[in-house]
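Below you'll find the structure, written out as structure tokens, and then a few comments.
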Amino acid sequence: MPNDILIRKRWPAMLLACWAGIAACAPPPANRSGEDAMTLQRERLVEDLRAQGIRDARVLEAMRATPRERFVPPDGVAAAYGDHPLPIGHGQTISQPYIVARMTELLDPQPGDRVLEIGTGSGYQAAVLAPLVARVYTIEIVPPLAERSRALLRTLGLDNVEVRTGDGYAGWPEAAPFDAIVVTAAPERVPQALVDQLAPGGRMVIPVGPQRAVQSLTVIEKSASGEVSERRVAAVRFVPMTGGESERP
Ligand code: SAH
């Protein structure tokens, strides 16, 4: 699908892109029929994602297994399975399911991988990655969001995810190198520290471009010999990556 069509089709959703607040506080469904309704909605979501071209069976299974309603604020639960982003507080959003699935598929996650995410937000992307890889390291710059996600991921028993509060521009040097890096906020340029922390043979998926405008979803690959290549795969709209003072002119 050409980028402009992708953009037009997804524009309303992308415009809003990230929720960040009250998500982890969303109560689990109150009763059995509530649970069944959410399970049904997740099945439908997976069918939609398949129809939109998501092919990786492990990614689809992770989307089916992740309770998105737990990652949205209480007033967003009814809309949790719509294919659009939702506000999560602090001016941020939880990305729309299609974008989460697409970015996860582009990362090509492998069971032994160590993955870095920049922009924990609600914790949803980290939760989708958790069953697919060995370990997820995720960094969030807004402290209340980091705290909420840390608590929720622990409650859900996702013990292979570690949440750090901080500025993701510098990456996570102590845990580097990473087999895969996913960035869910848009910087104007690719942070060099993240390229440096990518292992040989590794992949990074990152939206790059001007703030409050259309950005390019970019896949960066590092070959076994350390050569770096870059390709743009779609036009997207993400919240800006903040921080990075040391990188700005
Ligand atoms: N992956 C998230 C979506 C996150 S929205 C999810 O699944 O819900 C983008 C997030 O990136 C926001 O929470 C924002 O606060 C965070 N962010 C922006 N700049 C950042 C930076 N420099 N370091 C770490 N997190 C950052």
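The values are calculated or read from the model by the stated rules, or taken from the named source; none is laboratory data. Remember, predicted model here, so these are calculated numbers, not experimental data. Counting neighbours? That spans all protein chains shown, and the Cβs are built from the backbone with ideal geometry, glycine included. With ligands, DNA and RNA removed, areas are computed over all heavy atoms of the protein, side chains included. Shrake-Rupley method; radii C 1.70, N 1.55, O 1.52, S 1.80 Å.
When each of the peptides 213-223, 87-97 is scored by the mean number of other C-beta atoms lying within 10 Å of its residues, the order from highest to lowest reads 87-97, 213-223.
On the beta carbon distance between Ser229 and Arg58, with R0 = 25 Å, the FRET formula returns roughly 0.50. Think of the chain as having a plus end and a minus end, set by charges on the Cβ of Lys, Arg, Asp and Glu; of Ile94, Pro177, Val205, Ile94 sits farthest toward the positive end of this dipole. Here's how it looks for Ala186: its modeled amide H is under 5 Å from those of Val239, Met241, which are all 5 or more places away or on a different chain. Think of a 1.4 Å ball rolled over the protein heavy atoms: the chain then has 43 Å² of accessible area per residue. Only four residue types carry charge here, +1 at the Cβ of Lys and Arg and -1 at the Cβ of Asp and Glu. Report the dipole size of the chain about the Cα centre in Debye, rounded to the nearest 20. Dipole of the chain, to the nearest 20 debye: 480 debye. Looking at the range 5-247, the DSSP beta bridges with both ends there are about 45 percent antiparallel. Here the chain exposes an accessible surface that is 53 percent carbon and sulfur, computed with a 1.4 Å probe and the other protein chains kept in place. Rounded, prolate or oblate: which fits the range 24-181 when a ≥ b ≥ c are the square roots of the eigenvalues of the alpha-carbon gyration tensor, with rounded for a/c under 1.5 and prolate only if a/b beats b/c? It comes out oblate by the Cα gyration axes. Taking amide H atoms as placed 1.01 Å from N in the peptide plane, the amide H of Val208 lies under 5 Å from those of Ser216, Leu217, Thr218, each 5 or more residues away in sequence or on another chain.
Of Ala37, Pro67, Ile220, which is farthest on the positive side of the dipole of the chain, counting Cα position, with +1 on Lys and Arg Cβ, -1 on Asp and Glu Cβ, and the Cα centre as origin? Of the options given, the answer is Ala37.
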